[in-house]
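The values are calculated or read from the model by the stated rules, or taken from the named source; none is laboratory data. In this text the structure is predicted, and so the values were computed from the model without any measurement. Virtual Cβ from ideal backbone geometry, glycine too; neighbours counted across all protein chains shown. SASA here: full protein model, heavy atoms, side chains in, ligands and nucleic acids out. Shrake-Rupley method; radii C 1.70, N 1.55, O 1.52, S 1.80 Å.
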Amino acid sequence: MTPACNTSHQSELRRLSLMGVLVTLGIVFGDIGTSPLYVMKAITGVNPGYDPDYIIGAVSCVIWTLTLQTTVKYILIALNASNKGEGGILALFALLRKRHRKWLYIIAATGAAALIADGVITPAITVTSAIEGLGIINPSIPVVPIVIAIILFIFILQQAGTKKIGRCFGPFMLLWFLMLGVLGAANIGNSPIILKAFNPWYAVRLLVSYPGWFLVLGAVFLCTTGAEALYSDLGHCGRKNISVSWIFVKVMLILNYLGQGAWLVAHTGTPLPDTNPFYAIMPHSMVIIGVIMSTEAAIIASQALLSGSFTIFSEAINLGLWPYLKIKYPSNEKGQLYIPAVNWTLLAGCLITVAVFRDSTRMEAAYGLAITVAMLMTTVLLTLWLRTRGLSRTVCGLFLVFFTTLEGIFFAANMFKFVHGGWFSILITGLVGAVMIIWFNATKVRSRLLKYRPLADCTDMIRAISNDTEIPKYASNLIYFSRSPEPDLVESKIIYSIVNKQPKRADHYFIIRLISDDAPDTLQYNVKDVVPGTIYLVTMRFGFRVSPLINIYFRQIVEDLVAAGRLDLTSTYPSLKAKHIPGDFRFIIIRRVFSTSSICNRRVTMLMQLHNMLRHLGITDQAAMCLDTSVVTQETVPLIINTSSPRRITPTP
């Protein structure tokens, strides 16, 4: 986060208010709010020769899926599982990881990767479903070129930020949900029998009697695909605003599904090739307005998912799950960030999705499978969270069994679509998840194998170098970075760099310890005068949603030290000292490269080699810490890992 973040504005949005509810409609419910575009179409696609009982049972499945999956799990339970007000699977992981270190990262990485896959497919299917409504007006209208143009517009828009355009998201989504509800309510009269769908017995009867019930559930599940994003946006809008907004949103969604169902029941036995019930319930004169509204809603849903994807990668970087990426801040609104590499990669994924599947019916096969994986992973983490809240093992076990069974059934149902497109979302999930898991493991191995020395044992030598005028001065102020787990320890390579590699004389030595905090917005520091006036140990603590803008924050720390009289920045060169000119600063970044002379097992060797390869996905440490405009020296040192005793060469007899 930038220091200029408008935190007071953010706290206002989190409070329950009419404005907060309105903003929540625009930020949170775009994905789940566009599901009526394709859910009933997917349901009828499973059984084109449907009868009234089939439609009533399917709508009943939709109603109770929204109730159990979205209302109970996410609104009533997940929204309470906040990490200092922030939500989402990685925020939950950060909250729990100290208690379950060995395996929890796999759950978190898998869930986060599945959400990224969802972020690739959602813009493609929502925009395509919206534009396909033009076929009612003129079947010859080319859908794919229009879809590609809109998707390009969505992704190009990201680099400018969405602060201004985002202000109209809430009012528009209010109109969108009102349109859904009014159109649905107006069509229920076509077949009032559809109201039987409120009875869960009809859902159970459909699943028991219909041979293709797995395929039906695969289509029904699409109605709740935005629930995970709802939890992720907890930090933007607050639990109360989301909960109150959901009451209105759910009513409007159910009315629309009932209206589409009633229209389908009224047209039982009528051939409906390629007809989307969403547009069919509109008066013909309103279709063009419906297409425009649907397209705008699809753009808003896509925008919300892209912002969520940027947040996921930002959190993953700070939690050690992804290499450093370049992050930009288009505005000073909290949470407004833009990651170019992620934006253009997701754009490529969306365009590939459109090119491969071309129409929304085929995209439905690719949609839903990955998000069931994310929901299953969240269920596991929520179970652990419930346990930390003091709930009994029995209650936590019942929660785990109920929702893993429910989501497991949806997962199995979606697996029937694997060969028809589900492979695409699983492929994306697998690739992103593999990178996260490999990077996390490799980073942990590297950190574990670093050698440390007590800083107190080295202070006399460093002070002697600082006072040795025979050694050319390297810099007035010399700064190193440390990941030492303990404040009294320092990496051996830092001491080697100062003393052995090239004795580096300086007036002041700063060793900056960078600590990742499990809270989202932590931004704190403390300074210890190891040798007053010469050696300073600076500990910077960053929350997992805070970018390490070292150049900015270190300058602030130095200003505080000068103001407190703990540091004199005036250069010691006589010509500069006479003019009270401050001394120069030089940052030293030590890059540890895995050495081929290492003697270690095959797993460690492979992890280190993969780590070196994956580094190319990100940017340099210098760029990541915003040191581009500073004087930086990078020293490459070999990372030699010896986990077994090498042979010793012996002298010739």
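Structure summary
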| quantity | calculated |
| --- | --- |
| Rounded accessible area per residue of region 359-406, 1.4 Å, Å² | 40 |
| Using alpha-carbon coordinates, inclination of helix 169-188 to the longest axis of the chain, degrees | 20 |
| Computed Kirkwood radius, in angstrom, where 1/r is averaged over Cα pairs of region 34-100 | 14.7 |
| Long-range tail of P(r) for region 92-215 (Cα pairs > 18 Å, %) | 78 |
| Volume in Å³ per residue [convex hull over Cα atoms, computed for region 216-346] | 173 |
| Candidate residues Ser309, Ser575, Ser392: accessible-area rank, largest first, probe 1.4 Å | Ser575, Ser392, Ser309 |
| List His580, His236, ordered by accessible area with a 1.4 Å probe, largest first | His580, His236 |
| Region 325-452 shape via C-alpha gyration tensor axes, a/c threshold 1.5 | oblate |
| Antiparallel DSSP beta bridges within the chain, percent to nearest 5 | 30 |
| Probe 1.4 Å, accessible area per residue of region 413-497, Å² | 49 |
| Accessible area in square angstrom per residue, region 183-306, 1.4 angstrom probe | 36 |
| Value of Rg to Rh for region 197-271 (Rh from inverse mean 1/r over Cα pairs, i.e. Kirkwood) | 1.07 |
| Potential extension, Arg448-Ile193 segment - 0.36 nm per residue separation minus Cα distance | 85.3 nm |
| Cα convex hull volume per residue for region 448-497 (Å³) | 82 |
| Theoretical FRET efficiency, 1/(1+(r/R0)^6), r = Cβ-Cβ of Ser392 and Thr67, R0 25 Å, to 0.05 | 0.50 |
| Length gained when the stretch Arg603-Val208 is fully extended (0.36 nm per residue, less Cα-Cα span) | 137.4 nm |
| Net charge of Cβ neighbours under 11 Å - reference Tyr231; Lys, Arg +1; Asp, Glu -1 | -1 |
| Accessible area (Å², 1.4 Å probe, nearest 10) - Leu406 | 40 |
| Whole-angstrom gap from region 88-154 to region 535-573, using each part's C-alpha centre | 40 |
| Computed over the chain, Kirkwood Rh from alpha-carbon pairs, angstrom | 27.2 |
| Mean separation of Cα contacts under 8 Å, 6 or more apart, over the residue count of the chain: relative contact order % | 19 |
| Mean shadow area of region 305-380, taken as a quarter of the surface of its Cα convex hull (nm²) | 6.6 |
| Debye intensity ratio in log₁₀ form over the Cα atoms of region 341-387, taken at each q of 0.14, 0.15, 0.19, 0.29 Å⁻¹ | -0.54, -0.59, -0.74, -0.97 |
| Lys102-Trp344 pseudo-label distance in nm [points 7 Å out on the Cα-to-Cβ vector] | 4.3 |
| Cα gyration tensor category, rounded, prolate or oblate, for region 174-222 with a/c compared to 1.5 | oblate |
| Centroid-to-centroid separation of region 241-287 and region 470-503 [C-alpha atoms, Å] | 67 |
| Long-range amide H partners of Ile512 with built H, under 5 Å | Tyr480, Phe481, Ser482, Val538 |
| Under 11 Å, Cβ to Cβ, from Asn318 - net charge with Lys/Arg +1 and Asp/Glu -1 | -2 |
| Expected 222 nm ellipticity per residue - DSSP helices of 4 or more, -39500 (n - 2.57), all of the chain, to 500 | -17500 deg cm²/dmol |
| The chain, accessible surface, carbon-and-sulfur percent (1.4 angstrom probe) | 62 |
| Value of relative contact order over region 6-152, rounded to a whole percent, pairs C-alpha under 8 Å and six or more apart | 17 |
| All-pairs alpha carbon distance profile, region 475-614, 5 Å steps from 0, percent | 2, 8, 15, 18, 17, 15, 10, 7, 4, 2, 1, 0, 0 |
| Surface/4 estimate of mean projected area, convex hull on alpha-carbon atoms of region 462-522, nm² | 5.0 |
| Inter-label distance for Leu18 and Val631, nm, one decimal - labels placed 7 Å from Cα along Cα-to-Cβ | 6.0 |
